Structures are given as C-alpha cells and as structure tokens.
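I have placed the structure first, in the form of structure tokens, so that the comments after it can refer back to it.
None of the figures in this text is laboratory data; all of them are computed from the coordinates on show. The model shown is predicted, which means the values in this text are computed figures rather than measured ones. Heads up, the Cβs are rebuilt from the backbone with ideal geometry, glycines too, and the neighbour counts pull from every protein chain shown.
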Amino acid sequence: MRLKQFVSPDMGENCYFVIDEETNKAIVIDPGAQGEKLCSVIDAEEITVVAICLTHCHFDHAGAVMDIKRHTNAPIFICKGEEETAGSTVYNLSAMFGRPFTIPYDRVLEEGEKFSFGSLVFSTILTPGHTPGGGCFYFEKEGVLFSGDTLFCMSVGRTDFPGGSVSQLTDSIKNKLFTLPDNTRVYSGHGNDTTIGFEKEHNSFIY
C-alpha cells in the first residue's frame, strides 16, 4: 500500500489516495477540494482510479468528487444510510456554504462489504452518528482504517448537523472501531493520524 494525503486549505479536510504498488490502481477517499490539483497528480503519477469512496457526504469531503469522476470515470461509492445526505443540499451542508450540489453516487456499500483493487482489499464498517450513513474503510491485512469524521485523534465527529446522533456515534466507536486491534493505524477526515489503542486510552469523548 502506498498512501498519498492531501489537506484542503479551507476546511483542513484530509483526502487520501490509497494506491496498490504493483498495479498503480487506487481509490480516492473523500476528495473535498482542489479537484484540479488531484487530477494533475493522477495524471502525473499515471494512477488508475478504480473508485471514489466517501466516508460520508458532507460538502467538505465531496466538493471535488465530480472533478475526479469526470476525469477518470471512476464510480462513486457511498455507505448505506447516506443516500439522503448525498441527495440533499441541506443535509450535505453545501447550501449553507453557498455552493449547493448533490452527489450522484453509483454504488451503496453495505456493512461488511468488501472491495478489492490490485492486491488491496478493504471492508466497509458502517458508523452512523456524525451523519446517518457515515462509514469507515478498513484494510485488515495492512492494519489501516480510514475513519472519516467518526473518530479523530483525541476527538470525535460533530453530531449537531442534520441527522447527527451522539448515542449512535458513541455506539459506533465503542462497539465497532474499538474492537479492532490496538495497533490499527487510523487516518481520519481531519487532523493527524492515530491508533485505535491510543484512542481507547486517551480519547476523553468516549466513555
């Protein structure tokens, strides 16, 4: 696995390219901004994008989705329960920030559903709470989790947006993410990476 991270200059959102080193096939996780820049990297490094995967459909995680879709023709994946957020400019917050858009997704990932590209495989973990259909992408063999805005380094995602739920978020983290191995490396939607073990010991938002 080769990982490239891009941070949005406005919202500090993390976009990730997860690349299979043997084939140069990749998924793009949460392309929130800088579509032209992301497309130029795809071209320069001759990356074959096989899917655009959204942990959730808030505007700051999906603002460059259509740029990449048009450039690569890769399908857009969302997680089950996120359909309304994808289709609503209110739920995805894009109307609030003056650039309303919806997300024409191609595939809805179910709990436990796997997707492979090259030698890499991730499984889908549905983690509602930040949004009704938020999810995480878990590469078990590599010990890597992309947690979106569910779990941050010593913090958690907000629950005061439409469809958010404190109880659901807490349940998602405690009963799903915190059951993963402690050495699982967590790459979140904002901020620095962390590990499951560190968050179990130090994250004061989960009790």
About its Cα centre, region 1-63 carries a charge dipole, from +1 on Lys and Arg Cβ atoms and -1 on Asp and Glu Cβ atoms, whose size in debye to the nearest 20 is 60 debye
Treating the beta-carbon of each Lys and Arg as +1 and of each Asp and Glu as -1, no other charges, what is the dipole magnitude of the chain about its Cα centre, to the nearest 20 debye?
120 debye
Could you give me D for region 1-101, from Stokes-Einstein at 37 °C and 0.692 mPa s, where the hydrodynamic radius is the Kirkwood radius over C-alpha pairs? Units µm² s⁻¹, please.
241 µm²/s
Based solely on its DSSP helices, what 222 nm [θ] is calculated for the chain when runs of n ≥ 4 H residues each add -39,500 (n - 2.57) and the sum is averaged over all residues, nearest 500 deg cm²/dmol?
-5500 deg cm²/dmol
If you stretched the chain out fully between Lys141 and Cys153, how much longer would it get, using 0.36 nm times the residue separation minus the C-alpha to C-alpha distance?
2.1 nm
Residue ranges of DSSP H helices in the chain that stretch 18 Å or more (Cα, own long axis) and have mean Kyte-Doolittle hydropathy of at least 0.0 are none
Projected onto the charge dipole of the chain (unit charges on the beta-carbon of Lys, Arg, Asp and Glu, signs +1, +1, -1, -1), the Cα from Pro31, Gln5, Phe77 with the largest positive-side position is that of Phe77
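Give me His61, His190 ranked fewest to most by other Cβ atoms within 10 Å of their Cβ, as a rough exposure proxy.
His190, His61
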For Phe152, other-chain or 5+-apart residues with amide H closer than 5 Å (H placed, Pro excluded) are Gly157
³J(HN,Hα) across region 47-60 via Karplus (A = 6.51, B = -1.76, C = 1.60, θ = phi - 60°), whole Hz, x for Gly/Pro?
8, 9, 7, 9, 6, 10, 10, 9, 5, 6, 10, 4, 4, 6
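Once you have the Kirkwood Rh of the chain from its Cα pairs, apply Stokes-Einstein at 20 °C and 1.002 mPa s and quote D in µm²/s.
Estimated via Stokes-Einstein, D reaches 128 µm²/s.
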Fewest first, what order do Phe198, Phe59 take by the number of other Cβ atoms within 10 Å?
Phe198, Phe59
If you count, for each residue, the other Cβ atoms within 10 Å and average over each peptide, how do 153-161, 122-130, 174-182 line up from highest to lowest?
122-130, 153-161, 174-182
Quick one: Ile76, Ile206, fewest Cβ neighbours within 10 Å first, how do they rank?
Ile206, Ile76
Rounded to the nearest 20 debye, dipole of region 7-130 from Cβ charges on Lys, Arg, Asp, Glu
260 debye
